[in-house]
Amino acid sequence: MKTSFSRNFSTIAMILLLALTVLGTSFQVLVKEYLTDTTISGLKQDAQVIANLAAAYSAEGSLTNKDFLLNLDVAAQVTDSNAVIFDEEGHVLLCSDALQGCKHQGLTLNREYRDKVLTQGGDTATGVIEGLYEEHRYVVAVPIQNETDTFGFVIVSTPTAATANILNKISNIFLTTAVFVVLIAVLAVSIFARRESRPLREMARVANAFGHGDLNARARVEDGSSEEMEELALAFNNMASSLQKSEYQRQEFVANVSHELKTPMTTISGYVDGILDGTIPESRHKHYLQIVSDETKRLSRLVRSMLDISQLQDQEIPEEKKMHFDLEECAGQVLITFEKKINDKHLDVDVDFPEHPVYTFANRDSITQVIYNLIDNAVKFCPEGKQLGLMIREGGGKAYISVSNEGDTIPADELPLVFDRFHKLDKSRSQNRDGWGLGLYIVKTIVCSHGENISVTSRDGKTEFTFTMPLVN
């Protein structure tokens, strides 16, 4: 498996080599074309000058004139080229490299090439001139014309080796520079890739530690790290915090369930064993069997509540299970069911409803359970003779249902926890034995499953729970 460093290095190295290859090839082609064009252009000018000079001296008499031969020699040396003058039939008359009788005199040029030069008014080529030169040369041929006719032509050429030498020198310079650039690039890429891969290795180490049970493991990002690495580390740490919280909640859930099950089961087991072994007299059997029955019912309610939670958690209420109904009617019916408990505690009930029906679209049974749990909770914690409140108001397309009670103020640090599973203000659980700490958790789960919100406030001896429902006509 390739590492991040090797992948980055391989990719950048390939791109760099490809770029240098394309650049070097393009540069050589352009330089070669430039040198070729420049050389051919210079040879054309030289050939035309020599052709004009030959035509002028030919009109005065002979091409063997000393002045012409001297000019031809100077022109050849200055331009670093060779000139060969041919007559109309293609026979060699003069060579600039041996004016006093060169070895090429008497040589006849290829007829097809001769006709091409004379008919087309000149020619430009690159290659070997058979019989004259053996090496590759740039060749320019120009006819020699006077005022009346054409009586010959001149071929000016220079070896291509000079251009090749220049290209070789340029190539050597380019290769040296390219190697130097590649070495610097390799060093820079190595440092950069290793620096970039270091946070990934650190994050892998932290993830491995987290996976092996170190829930406090968190990714740290060094100063100067890329924005992407910072975002990745932040996302990982948020995920780790969420998983850590979930794990703590799971552990607390297991501990709470174990605690809640242990007490009634111990009670049931103790009383049943006492009846069976005769420790409890027969006259007291009915009393203790009633206690066993109550504890069994408590266990049944706990199991039912946990099943309700598992069905509601992380699920939305299907639309087909929702209906239009009047919140005032629903809340009023629930309040009536608490008439005996309210009268027993001599509570003062304050009901504040609008004078018209308040309709919503929701699952009626679920909302009934929400209102029931909130009123049950309020009655339970409302001291005798204090006030219990139930209010419905409208605003912003929402119906706001509030249940309040007078009594002890909930500490500020406890408020965010009241909706947690098995959370009780009395940590010893000596009070409120009929409660499991699941009522408010179920309330929040139901409200959230409708896509709505619930909040709680507690100040100056008054605690109020408020949840929202969509308001419809």
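The table below lists the values:
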| quantity | calculated |
| --- | --- |
| Net charge over other residues, Cβ less than 14 angstrom from the Cβ of N208 (K, R count +1; D, E count -1) | +1 |
| Full-extension gain in nm, T25 to E227, via 0.36 nm per residue minus C-alpha separation | 68.9 nm |
| Local electrostatic count at V140 - Lys and Arg +1, Asp and Glu -1, tallied over other residues with Cβ under 11 Å | 0 |
| Size descriptor, Kirkwood hydrodynamic radius, that averages inverse alpha-carbon separations across the stretch 182-242, Å | 12.7 |
| Ascending count of other beta-carbon atoms within 10 Å, so fewest first, for H346, H450, H285 | H346, H285, H450 |
| For q = 0.09, 0.12 Å⁻¹, Debye-computed log10 I/I(0) when each Cα of the stretch 319-472 counts as one equal scatterer | -0.27, -0.49 |
| Charge context of M391, other residues only, Cβ under 12 angstrom, K/R +1, D/E -1 | -4 |
| Interatomic Cα distance distribution for the stretch 91-237, bins of 5 angstrom, percent | 2, 7, 10, 11, 8, 6, 4, 4, 4, 4, 4, 4, 4, 4, 5, 5, 5, 4, 3, 1, 0, 0 |
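FYI, it's all coordinate maths here, none of it is from the lab. As the structure is a computational prediction, the values presented were derived from the model and not from experiment. With ideal geometry, Cβ positions are generated from the backbone for all residues, glycine too; neighbour counts draw on all protein chains shown.
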